[in-house]
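S.K.: Have a look at this one.
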Amino acid sequence: MKIRTEHKYLGAALMQIAESDNFTAINPLRLNGGSVNNAFLINADTCIFLKYGQDPKPTGEYQFTFTAEQLQSIEAAGRHYQKPQVFVGLVCVEAQEVCCLDALQFDAMIAARAKTAGAVEDSYQVLVTAPDGKSLRAYTNASGRKGVIAGKETVISRNRFPECLFD
(Lines give C-alpha, C1' and ligand atoms only; values in the text may rest on other atoms or scores of the structure.)
Protein backbone atom coordinates (compact mmCIF):
# COMPACT_ATOMS: atom_id res chain seq x y z
CA MET A 1 0.00 0.00 0.00
CA LYS A 2 1.26 3.43 -0.88
CA ILE A 3 1.89 5.81 2.04
CA ARG A 4 -0.46 8.79 1.92
CA THR A 5 0.18 12.13 3.62
CA GLU A 6 -2.52 11.44 6.20
CA HIS A 7 -0.72 8.23 7.17
CA LYS A 8 2.37 10.24 8.11
CA TYR A 9 0.62 12.90 10.13
CA LEU A 10 -2.07 10.81 11.78
CA GLY A 11 0.51 8.08 12.36
CA ALA A 12 2.48 10.51 14.53
CA ALA A 13 -0.52 10.82 16.85
CA LEU A 14 -1.12 7.07 16.82
CA MET A 15 2.54 6.46 17.78
CA GLN A 16 2.14 8.68 20.84
CA ILE A 17 -0.94 6.69 21.84
CA ALA A 18 0.84 3.36 21.33
CA GLU A 19 3.80 4.50 23.45
CA SER A 20 1.58 5.17 26.48
CA ASP A 21 1.88 2.70 29.37
CA ASN A 22 -1.95 2.55 29.44
CA PHE A 23 -2.25 1.46 25.80
CA THR A 24 -3.28 -2.12 25.02
CA ALA A 25 -4.97 -2.14 21.59
CA ILE A 26 -5.93 -0.09 18.57
CA ASN A 27 -8.52 -1.00 15.98
CA PRO A 28 -10.44 0.82 13.26
CA LEU A 29 -13.61 2.36 14.63
CA ARG A 30 -16.68 0.59 13.31
CA LEU A 31 -20.12 2.17 13.55
CA ASN A 32 -23.34 1.02 11.95
CA GLY A 33 -21.59 -1.92 10.30
CA GLY A 34 -18.78 0.01 8.63
CA SER A 35 -15.37 1.49 9.35
CA VAL A 36 -15.12 5.23 9.98
CA ASN A 37 -12.31 6.95 8.07
CA ASN A 38 -9.47 8.24 10.31
CA ALA A 39 -11.20 7.10 13.50
CA PHE A 40 -9.91 4.48 15.90
CA LEU A 41 -10.99 2.45 18.91
CA ILE A 42 -8.29 2.61 21.58
CA ASN A 43 -8.19 -0.25 24.07
CA ALA A 44 -11.80 -1.45 24.30
CA ASP A 45 -13.79 1.68 24.98
CA THR A 46 -12.17 4.92 23.80
CA CYS A 47 -12.75 6.49 20.37
CA ILE A 48 -10.56 9.06 18.69
CA PHE A 49 -11.31 10.89 15.46
CA LEU A 50 -8.12 12.32 13.93
CA LYS A 51 -7.58 15.21 11.50
CA TYR A 52 -4.44 17.04 10.54
CA GLY A 53 -3.58 20.58 9.51
CA GLN A 54 -0.21 20.90 7.81
CA ASP A 55 0.42 24.65 7.97
CA PRO A 56 -1.34 27.42 9.86
CA LYS A 57 -3.05 30.21 7.96
CA PRO A 58 -1.33 33.63 8.04
CA THR A 59 -3.42 34.37 11.15
CA GLY A 60 -1.62 31.49 12.93
CA GLU A 61 -4.76 29.34 12.90
CA TYR A 62 -4.87 25.69 11.88
CA GLN A 63 -8.23 25.03 10.24
CA PHE A 64 -10.03 21.69 10.56
CA THR A 65 -13.25 21.19 8.60
CA PHE A 66 -15.92 18.76 9.77
CA THR A 67 -18.62 17.65 7.37
CA ALA A 68 -22.14 16.66 8.39
CA GLU A 69 -21.18 13.00 7.87
CA GLN A 70 -18.19 13.34 10.18
CA LEU A 71 -20.32 15.06 12.82
CA GLN A 72 -22.86 12.23 12.59
CA SER A 73 -20.07 9.68 13.16
CA ILE A 74 -18.82 11.56 16.23
CA GLU A 75 -22.38 11.73 17.59
CA ALA A 76 -22.95 8.01 16.90
CA ALA A 77 -19.71 7.15 18.72
CA GLY A 78 -20.85 9.31 21.64
CA ARG A 79 -24.11 7.38 21.88
CA HIS A 80 -22.38 4.00 21.65
CA TYR A 81 -19.27 4.57 23.78
CA GLN A 82 -20.43 7.45 26.02
CA LYS A 83 -19.17 10.96 25.35
CA PRO A 84 -16.45 11.01 28.01
CA GLN A 85 -14.73 8.26 25.99
CA VAL A 86 -14.91 10.02 22.60
CA PHE A 87 -12.19 12.44 21.49
CA VAL A 88 -11.25 14.57 18.50
CA GLY A 89 -7.50 14.81 17.91
CA LEU A 90 -6.36 17.75 15.79
CA VAL A 91 -2.78 17.29 14.62
CA CYS A 92 -1.08 20.66 14.10
CA VAL A 93 1.82 19.50 11.94
CA GLU A 94 4.08 22.57 11.84
CA ALA A 95 3.61 23.17 15.60
CA GLN A 96 4.24 19.44 16.23
CA GLU A 97 1.31 19.30 18.64
CA VAL A 98 -1.94 17.37 18.99
CA CYS A 99 -4.89 19.36 20.29
CA CYS A 100 -7.17 16.78 21.86
CA LEU A 101 -10.78 17.76 22.55
CA ASP A 102 -13.24 15.54 24.32
CA ALA A 103 -16.66 15.16 22.72
CA LEU A 104 -18.29 17.54 25.18
CA GLN A 105 -15.80 20.32 24.37
CA PHE A 106 -16.18 19.66 20.65
CA ASP A 107 -19.98 19.64 20.84
CA ALA A 108 -19.98 22.94 22.73
CA MET A 109 -17.91 24.59 19.98
CA ILE A 110 -20.19 23.31 17.22
CA ALA A 111 -23.30 24.36 19.17
CA ALA A 112 -21.87 27.86 19.73
CA ARG A 113 -21.23 28.23 15.99
CA ALA A 114 -24.68 26.89 15.07
CA LYS A 115 -26.29 29.34 17.51
CA THR A 116 -24.60 32.31 15.80
CA ALA A 117 -25.66 30.99 12.39
CA GLY A 118 -29.24 30.48 13.52
CA ALA A 119 -29.34 27.13 11.73
CA VAL A 120 -27.47 23.91 11.11
CA GLU A 121 -24.68 24.34 8.54
CA ASP A 122 -23.29 21.84 6.01
CA SER A 123 -19.83 21.91 7.61
CA TYR A 124 -18.01 23.49 10.52
CA GLN A 125 -14.46 24.74 10.93
CA VAL A 126 -12.64 24.31 14.21
CA LEU A 127 -9.61 26.58 14.53
CA VAL A 128 -6.55 25.88 16.68
CA THR A 129 -3.70 28.19 17.57
CA ALA A 130 -0.42 27.19 19.21
CA PRO A 131 0.99 30.38 20.75
CA ASP A 132 4.65 30.14 21.80
CA GLY A 133 5.02 29.17 25.44
CA LYS A 134 1.27 28.88 26.01
CA SER A 135 -1.42 26.24 25.89
CA LEU A 136 -3.25 25.45 22.66
CA ARG A 137 -6.46 27.36 21.88
CA ALA A 138 -9.41 25.81 20.03
CA TYR A 139 -12.57 27.60 18.90
CA THR A 140 -15.01 28.29 16.09
CA ASN A 141 -15.73 31.69 14.62
CA ALA A 142 -19.15 33.29 14.86
CA SER A 143 -21.16 33.02 11.66
CA GLY A 144 -20.60 35.96 9.33
CA ARG A 145 -18.21 37.66 11.77
CA LYS A 146 -14.60 37.04 10.83
CA GLY A 147 -12.27 37.07 13.83
CA VAL A 148 -15.10 36.87 16.39
CA ILE A 149 -15.14 33.68 18.45
CA ALA A 150 -18.43 31.83 18.83
CA GLY A 151 -18.88 30.94 22.49
CA LYS A 152 -15.65 30.58 24.42
CA GLU A 153 -12.14 29.70 23.39
CA THR A 154 -11.15 26.28 24.78
CA VAL A 155 -7.68 26.17 26.32
CA ILE A 156 -5.97 22.78 25.94
CA SER A 157 -2.74 21.88 27.71
CA ARG A 158 0.04 20.87 25.32
CA ASN A 159 0.77 17.77 27.39
CA ARG A 160 -2.84 16.58 27.58
CA PHE A 161 -2.45 14.17 24.67
CA PRO A 162 -2.37 11.13 24.71
CA GLU A 163 -2.94 10.51 28.42
CA CYS A 164 -6.39 12.16 28.33
CA LEU A 165 -7.55 9.11 26.37
CA PHE A 166 -6.83 6.85 29.33
CA ASP A 167 -8.15 8.92 32.27
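S.K.: Find the relative contact order for the range 86-167 and round it to a whole percent, using C-alpha pairs within less than 8 Å whose residues are 6+ positions apart.
M.R.: 27 percent
S.K.: Restricting to bridges with both residues inside the range 10-167, how much of the DSSP beta-bridge set is antiparallel, in percent to the nearest 5?
M.R.: Among the beta bridges of the range 10-167, antiparallel pairing accounts for roughly 80 percent.
S.K.: Share of the range 37-94's accessible area from carbon and sulfur, percent, 1.4 Å?
M.R.: Accessible surface attributable to carbon and sulfur in the range 37-94 totals 48 percent.
S.K.: Report the relative contact order of the range 24-90, percent, no decimals, based on alpha-carbon pairs under 8 angstrom and at least 6 residues apart. Please list the in-between numbers first.
M.R.: Values: 85 pairs, mean separation 21.0, N = 67.
Computed over the range 24-90, the figure is 31 percent.
S.K.: Cα axis of helix 5-18 to longest principal axis of the chain: angle in degrees, 0 to 90, nearest 10?
M.R.: 60 degrees
S.K.: Against the longest principal axis of the chain, how steep is helix 68-81, in degrees 0 to 90 to the nearest 10, with axes from Cα atoms?
M.R.: Around 50 degrees separate the two axes.
S.K.: Roughly how many Å² is the accessible area per residue of the range 94-166, as a whole number, for a 1.4 Å probe? Please list the in-between numbers first.
M.R.: On the way: 3770 Å² over 73 residues.
Normalised by residue count, the accessible surface of the range 94-166 is 52 Å².
S.K.: Here are some pairs, Lys115/Lys152; Lys51/Lys83; Lys57/Lys115; Lys57/Lys134; Lys8/Lys51; which of them have Cα atoms lying more than 21 Å apart in this structure?
M.R.: Table pairs above 21 Å Cα-Cα are Lys57/Lys115.
S.K.: In nm, to one decimal, how far is the Lys115 label point from the Asn32 one, both placed 7 Å along Cα→Cβ?
M.R.: 2.8 nm
S.K.: Among Gly151, Val93, His80, whose Cα projects farthest towards the positive end of the dipole of the range 79-167, with charges put on the beta-carbon of Lys, Arg (+1) and Asp, Glu (-1)?
M.R.: Gly151
S.K.: Once you have the Cα-Cα distance between Gln54 and Gln72, take 0.36 nm times their residue separation minus that, and quote the gain in nm to one decimal.
M.R.: 4.0 nm
S.K.: Moving to a separate point now. For the Cα atoms of the chain, what angle does the longest principal axis make with the long axis of helix 103-117, in degrees from 0 to 90, nearest 10?
M.R.: Tilt of helix 103-117: around 30 degrees.
S.K.: Mean residue ellipticity at 222 nm from the helices of the chain, using -39,500 (n - 2.57) per DSSP H segment of n ≥ 4 over the full residue count, to the nearest 500 deg cm²/dmol?
M.R.: Here the helix-only value at 222 nm equals -8500 deg cm²/dmol.
S.K.: Moving on. Output the Cα-based Rg and Dmax of the range 32-104 in Å, rounding Rg to one decimal and Dmax to a whole number.
M.R.: 13.0, 41
S.K.: Quick one: Debye curve from the alpha-carbon atoms of the chain only, equal weights, vacuum; give me log10 I(q)/I(0) at q = 0.13 Å⁻¹ to two decimals.
M.R.: Summing over Cα pairs of the chain leads to -0.61.
The values are calculated or read from the model by the stated rules, or taken from the named source; none is laboratory data. Not measured: the values here are computed from a predicted model. FYI the Cβ positions are ideal-geometry reconstructions off the backbone, even for glycines, and counts take in every protein chain you see. Side chains are part of the model used for accessible areas, which takes the heavy atoms of the whole protein and leaves out ligands, DNA and RNA. Shrake-Rupley method; radii C 1.70, N 1.55, O 1.52, S 1.80 Å.
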